[in-house]
Amino acid sequence: MSGEWGAYGVTVRFGRTTALDDVTLEVPAGQVTALVGGDGAGKTTLLRTLVGVVPPDSGTISVPALRDIGFMPTASGVWRDLSVDENVDFVAAAYGLRGAELRGRRAELLEAAGLAGVGDRLAGQLSGGMRQKLAFSLAMLHRPTLLVLDEPSTGVDPVSRVDLWRLIARAAADGAAVAMATTYLDEAERAAAVLVLDEGRTLAYGPPEKVTAQAPGTVTVSVAREAARLQGAADRDSRLAGGEANHGGVSVAREAARLQGAADRDSRLAGGEANHGSPTTAAPVDRGYSWRRGHEFHTWHPGPPGPGERPLEPDMEDAVIAAALADRAARAGGGARTGEDREDIADAGPTGRDPNSDNGAVRAEAAGSEGRNA
Amino acid sequence: MRAMIFKEFRELRRDRRTVAMLIVLPLVLLVGFGYAANFNVSHLKTDVVGPQAQKVAAALHQPFDVEKVAPGQGAPQARERLRDDKADVVVVTGSGKGGAGTVAYIDGSNLFAAQKATGALAGAGGQVEAKVLFNPDLKTSWIMVPALIGLILTFIGTIITSIGMVRERQSGTLEQLAVMPFKPSDVIIGKIAPYFLLAALDMIVVTVLGTLLFGVPFQGNAGVFAVGGALFLFVVLGVGVLISTVSQTQGQAIQLAMMTVMPQIIFSGMFFPLASMAAGVRWIGYLLPLTYFNMISQGIMLRGASAASLWLPLLLLTAMAVVVFSAAVLRFRRDLAPSRPSTGRATAAPPQAAEAGAR
Amino acid sequence: MSTPDAPLVEVEGATRRFGSFTAVDNVSMRVERGEIVGLLGANGAGKTTLIKMVLGLIAPTGGTLRLFGREPSRQTRRQLGYVAQGLGLYADLTVRENLAFVAEAFGRPRPSELPGPLRGTEDRLVGEIGWGLQRQLAFVAALGHGPKLLVLDEPTSGVDPLARARLWDTVHEQADSGTGVLVTTHYMQEAQQCDRLVLMSRGRQVAAGTEKDIIGPTTAVEVRTDAWARAFDALIDAGLPATLAGRHVRVADTALPRVGEALERAGLRAEVRQVPATLEERMTSIDRAA
């Protein structure tokens, strides 16, 4: 068979729940293919169909022989009561690796994983990051042609994650087909292709640049941008002078940072320079379809941009959220907002807060005050 | 396959608890049953009273160990001696010729001793009439029910409590409780009280059912029984809490709890009489709370023993309760409140307060 | 004692030793009203210990730590909301029962209505409602008493992107209404949602400020080539910290010429240019240097 491993049109049902609904994932050799989604999205199920643990109800699976697959399960799959060396010994024995070949492979992998000096240490005593690197080394030990990694970076600190990602990239560079699940988009963004799953269905699939380019509908950003440009410097000055007064419960420093952040983002707006001099964008009308990115509001609506609207070139996060919203809107019946999918969890219970702490109100006030200050 | 076996042994070697289970448990069982499991009572504490006490006492031989001879006393005192567990057998000699009318009163609550005594007396030709008190038909169930109450409380107190506590720790909710505005005592009492109440309820149910189903009498004072039960509960709940503080998972808690419950079953005297255990292992029995609860429950239910006669087991249980429960509460408290290694922190505060005020 | 102007969290030279091990070493930081402060660091950096000190679970062995201008106490806990990594919910109780317990603990009326996605789950066991909903419930539970300070430990792990955006909406709303937020995270995307960041490494505070402040003028080298795999291997073999980014290769902490040399030696032609470093790259190099 060629290097085109993968799952094609796979559906998996567990009782009455559909864990995977006609999902296709190609895992080409020499690249990393990422699976993104939250818990219960179907990532693990799809990976388990690839390694043959879960038989699909329909669709086809194309994978090499089991002994040419390397699998790293979510719970890392190292034996905590065994030392690093003993873990390697066990997996080596399972694949019949011995002698000089094992010695060479052990040295190479543990060296690359930064575990060369800790062969005697119990796996249970390694830090989370080191343990994941060990688990990866175990999955790689027998030089699999297909490497299946289930959330290898979950719970791994950022510094170890850089190492782990380097190991994964190296495996792909050396020709392995790598399929890896992750809950984080910044990781998926670095893969050659991304499959975004939600409740077992495909939200988006393709190379990251294609996923962002083909995001459904229109994403706009709304923040007091012009005021920000004028205000940012002034506010920063006042902050430096120690005048960090509170303003309506929100520190000026925070406002300055918020506005500055917005200004920095301008370059991403389609149209670029043409935007100068345009008035402040309004606060998002529809909270169900908007989300925060630091100090900006991003808002999505189906269809092309309206007249006078300046769409944002979505990044991966925007694109995936847009896809999720489009999917939800489609399932709710034609894009009309039902009110049920408002996921505002702040309005639960008595918070004892000013009822005006609704986004729009606060933002309007903030924008107003900036206007005055300017 | 070889790899699997090899790996499994390596892992087991590191899992100290399981190794302990594998080694300690068989040893406990072997030693326990080997040395402790002895139904054969060779010595019976015997009093001889009545007019011909001296003569009869001289004639008695194994298994009767005559410890007291009191010609001036009679049947009422004999009953009292047995009730207070001062003797296994009291022979009340008759005034008749050749010892006629002599009655041996036997403590039926001490089942194996009583069986031995009746057997020995029957073998002696039946000159002495044997009267078994407290358990006239020598029913095993009468002995077992009071002991089972203790065993059930041990199970619930130790195993259920430790599981419940570990679950709180395992799910991370203990940390959540620690950052809520609860006093540590709120959490500790709130956490332990339900188990205490449930176990107490269980005790009542088992006692009532035991008496109804098996016709086991309840001769003594329910108040004293309740006090003994409460003290015992403090001990077993305390053990449960202690186990939870050294266990990471519910499995570990169950493992440890089993290791504390097993010896109690063997060495507490509930199956095998303490008196007939080899001296080398008998002391183990005297370290276990269940031993003393058994003394109290059997004494009160079957013999109607008084609080005064049970002072020793009550006192020892009180001591155990204080020690174990305090240790448990302190360990638990450590998980809830910050340890304060430095006491000089407050003195460093004023400059910061001033700075904060100036902002 | 009311100190309305005091910072919500004020840590001055806080140190915590466990035996001979120093988990937190002379850390100073503060969280003001309406501010979202992100705490970043490698494993063993001391984040968890610092968070536990803020929560009042561990007392510092040196330095001071004040919450709302006071020593941490049972009173300060009333104004504190905490969402733990493990969420700290009772899986065997229903959604309603969990919220009722928390409400009673804080002496608050029970919440009458649940927000959107949790509606309808009131009588289901928490253990059965799925991780994403459990996260949202943990937020509802932590916000029910209107805390002045919200402490979040890895708040969105295991959550899908949309739900994560929603949780961050909630966090921003809280901040907008004056609540201070202290949040630990492993993810740069989340770090970018914060107003200020504090980077820790081996118990010490190694950098602090906005994302921009921390990255400063540092740069990385981006390598664009059709043969990314060969370029990647060549750079790794040259001992350079190369990483894969899509079909490009990035090299942090390295001058442009060194990258060029390494590629040349391997006989590779590639487009090489200097680009601003990412927060992750900067953080990694700070951590390695510490």
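Quick rundown of the values:
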item	result
Qualifying positions in the range C:212-234 - under 27 Å from C:GLY41 (Cβ atoms) and either of a type in the set (Phe, Trp, Tyr) or more than 9 Å from chain A (Cβ to nearest Cβ) (or both)	C:ASP213, C:ILE214, C:ILE215, C:GLY216, C:PRO217, C:THR218, C:THR219, C:ALA220, C:VAL221, C:GLU222
Cβ-Cβ under 9 Å pairs, at least 6 apart or on other chains, the range A:300-314 side without any contact (Cβ under 8 Å) to a residue 40 or more places away in the chain, far side part of a loop (DSSP other than H, G, I, E, B) and surrounded by 15 or more Cβ atoms within 10 Å (Cβ to Cβ)	none
A:ARG103 being part of a loop (DSSP other than H, G, I, E, B), open to solvent by 40 Å² or more (accessible area, probe 1.4 Å) and either under 26 Å from A:LEU47 (Cβ atoms) or out of contact with any Ser or Thr (no Cβ under 8 Å at 6 or more places or on another chain) (or both)	no
Extreme residue, nearest to A:THR183 (Cα to Cα), among residues of the range A:19-43 that are polar (S, T, N, Q) and buried (at least 20 other Cβ atoms within 10 Å of the Cβ)	A:THR33
Residue under evaluation C:TYR90, criteria (1) within 12 Å of chain B (Cβ to nearest Cβ); (2) open to solvent by less than 10 Å² (accessible area, probe 1.4 Å); (3) not acidic (Asp, Glu), criterion not met	(2)
Every residue from the range C:235-244 that is facing chain A (nearest Cβ under 9 Å) and surrounded by fewer than 19 Cβ atoms within 10 Å (Cβ to Cβ)	none
Helices (runs of 4 or more DSSP H) (entirely within the range B:123-195) containing at least 3 residues that are open to solvent by 10 Å² or more (accessible area, probe 1.4 Å) and more than 14 Å from chain C (Cβ to nearest Cβ)	B:140-154
Residue in the range A:28-50 that is closer than 25 Å to A:LEU203 by Cα, modelled with pLDDT under 90, of a type in the set (Asp, Glu) and in contact with a Gly (Cβ under 6 Å, 6 or more places away or on another chain) present	yes
Failed item in (1) within 30 Å of B:VAL19 (Cβ to Cβ); (2) without any contact (Cβ under 8 Å) to a residue 40 or more places away in the chain; (3) within 14 Å of the chain's Cα centre (by Cα), with B:GLY251 passing the rest	(3)
Complete set of residues in the range C:76-114 that are in a helix (DSSP H, G or I), within 25 Å of C:LEU182 (Cβ to Cβ) and of a type in the set (Lys, Arg)	C:ARG77
Test result for B:LEU82, assigned to a helix (DSSP H, G or I) and within 23 Å of the chain's Cα centre (by Cα)	yes
Single match in B:ASP65, B:ASP47 (criterion: in contact with a Lys or Arg (Cβ under 7 Å, 6 or more places away or on another chain), surrounded by fewer than 16 Cβ atoms within 10 Å (Cβ to Cβ) and within 30 Å of B:ILE296 (Cβ to Cβ))	B:ASP65
Every residue from the range A:165-179 that is more than 11 Å from C:ASP233 (Cβ to Cβ) and open to solvent by 40 Å² or more (accessible area, probe 1.4 Å)	A:ARG166
Looking only at the range C:158-177, and only at residues there that are of a type outside the set (D, E, K, R) and more than 7 Å from chain A (Cβ to nearest Cβ), the one that is farthest from C:VAL54 (Cα to Cα)	C:LEU167
Looking only at the range C:95-139, and only at residues there that are among the polar types (S, T, N, Q) and touching a helix residue (DSSP H, G or I) at 6+ places or on another chain (Cβ under 7 Å), the one that is farthest from the other protein chains (Cβ to nearest Cβ)	C:THR121
Hits in the range A:149-174 (condition: facing another protein chain (nearest Cβ under 8 Å) and small (Gly, Ala, Ser))	A:GLY155, A:SER160, A:ALA169, A:ALA172, A:ALA173
Residue check, C:ARG224 farther than 18 Å from A:ALA169 by Cβ and without any contact (Cβ under 8 Å) to a residue 60 or more places away in the chain	no
Residue that is nearest to A:SER76 (Cα to Cα) [pool: residues in the range A:180-204 that are surrounded by fewer than 20 Cβ atoms within 10 Å (Cβ to Cβ) and more than 7 Å from chain C (Cβ to nearest Cβ)]	A:GLU199
Complete set of residues in the range B:30-50 that are more than 26 Å from B:THR118 (Cα to Cα), at pLDDT below 80 and aliphatic (A, V, I, L, M)	B:VAL31
Pairs with Cβ under 6 Å, 6+ apart, first in the range A:164-186 and in contact (Cβ under 8 Å) with a residue 40 or more places away in the chain, second among the polar types (S, T, N, Q) and open to solvent by less than 10 Å² (accessible area, probe 1.4 Å)	A:ALA179/A:THR33
Residue check, A:GLY70 buried (at least 20 other Cβ atoms within 10 Å of the Cβ) and farther than 29 Å from C:GLY46 by Cβ	yes
Flag for C:HIS186 being within 19 Å of C:GLY46 (Cβ to Cβ) and facing another protein chain (nearest Cβ under 7 Å)	yes
Counted residues, the range C:115-139 - those being more than 21 Å from C:LYS52 (Cα to Cα) and either touching a Cys at 6+ places or on another chain (Cβ under 8 Å) or in a helix (DSSP H, G or I) (or both)	12
Unique match (being open to solvent by 10 Å² or more (accessible area, probe 1.4 Å), within 13 Å of chain B (Cβ to nearest Cβ) and in a helix (DSSP H, G or I)) among A:ASP81, A:ASP120, A:ASP89	A:ASP89
Subset of the range C:272-289 [over 11 Å from C:GLY216 (Cα atoms), open to solvent by 60 Å² or more (accessible area, probe 1.4 Å) and not basic (Lys, Arg)]	C:GLN274, C:ALA289
Number of positions in the range C:146-155 that are part of a loop (DSSP other than H, G, I, E, B), open to solvent by less than 10 Å² (accessible area, probe 1.4 Å) and either over 30 Å from A:VAL194 (Cβ atoms) or at the interface with chain A (Cβ under 7 Å from one of its Cβ atoms) (or both)	1
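Here's the yes/no breakdown for (1) more than 25 Å from B:PRO273 (Cα to Cα); (2) more than 14 Å from chain A (Cβ to nearest Cβ):
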| position | (1), (2) |
| --- | --- |
| B:LYS7 | yes, no |
| B:ARG10 | yes, no |
| B:ARG16 | yes, no |
| B:LEU25 | no, yes |
| B:LEU29 | no, yes |
| B:GLY34 | no, yes |
| B:GLN54 | yes, yes |
| B:GLN62 | no, yes |
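The values are calculated or read from the model by the stated rules, or taken from the named source; none is laboratory data. Quick caveat, the model's predicted, so the values are computed rather than measured. With ideal geometry, Cβ positions are generated from the backbone for all residues, glycine too; neighbour counts draw on all protein chains shown. Ligands, DNA and RNA are stripped out before the accessible areas are found, and what is left, the full protein with its side chains, is counted by its heavy atoms. Shrake-Rupley method; radii C 1.70, N 1.55, O 1.52, S 1.80 Å.
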